[in-house]
1. Could you grab me the full set of residues in region 33-55 that are among the small types (Gly, Ala, Ser) and modelled with pLDDT of 90 or more?
2. Which residues, counting only those in region 81-139, are without any contact (Cβ under 8 Å) to a residue 60 or more places away in the chain, crowded, with 16+ Cβ neighbours inside 10 Å and in contact with a Lys or Arg (Cβ under 9 Å, 6 or more places away or on another chain)?
3. Name the single residue that is farthest from the chain's Cα centre (by Cα) among those in region 60-71 being assigned to a helix (DSSP H, G or I) and touching a residue at least 12 places away in the same chain (Cβ under 8 Å).
4. Check whether at least one residue in region 70-89 is of a type in the set (Val, Ile, Thr) and either over 16 Å from residue 130 (Cβ atoms) or modelled with pLDDT under 95 (or both), and report yes or no.
5. What residue, among those in region 5-21 that are closer than 12 Å to residue 73 by Cβ and at pLDDT below 95, is surrounded by the most Cβ atoms within 10 Å (Cβ to Cβ)?
6. Search region 32-58 for residues that are polar (S, T, N, Q) and pair each with any residue that is surrounded by 17 or more Cβ atoms within 10 Å (Cβ to Cβ) and assigned to a helix (DSSP H, G or I) when their beta-carbon atoms are under 6 Å apart and the residues are at least 6 apart or on different chains.
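The values are calculated or read from the model by the stated rules, or taken from the named source; none is laboratory data. Worth saying up front: this structure is predicted, and the values here are computed from it rather than measured. So basically every Cβ, Gly included, is an ideal-geometry build from the backbone, and we count neighbours across all protein chains shown.
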Amino acid sequence: MADYDSKTQLALPGNNLVTITHVVYGLHAFSAIVGLTTAAFIVTAFLTGWPSIIAVIINYVKRNDVKGTYLESHFAWQIRTFWWALLWLVLAFLVSIPLVLIIIGIPLAWALFVIIGIWVLYRITRGWLALLSNKPMPM
């Protein structure tokens, strides 16, 4: 029989699942930091870097193992962060591409990519801090 958290009434996950969740946040953070410290944008490094792609694959493979625990909300948070970042990036490209022809699109594209990157960093940081406190993420 599984142990349950008295506050959240969710099953307590095994230590290996908590470790895997930390690794996934670490992989996402590594990709974002690569974008921060190189010529790439945070969001493009986050979406195209092998660490984030591996992290999302781990999320999908291990998703059933964390069902009913507070880690389920973290996995959903991580997966949503990846796919929403991709959607925002595609929309930013679609808005910026035609405007690049009249020069105004270049600073607009740059600003949109920076804003999306800051949002990605916020999501990684907020999720990882909640995980360190053994708290679920909002669903």
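1. Residues satisfying the conditions are 52, 55.
2. Across region 81-139, the qualifying residues are 81, 85, 123.
3. 65
4. No, region 70-89 contains no residue that is of a type in the set (Val, Ile, Thr) and either over 16 Å from residue 130 (Cβ atoms) or modelled with pLDDT under 95 (or both).
5. Among them, the one singled out is 13.
6. Pairs found: 52/28; 52/31; 52/46.
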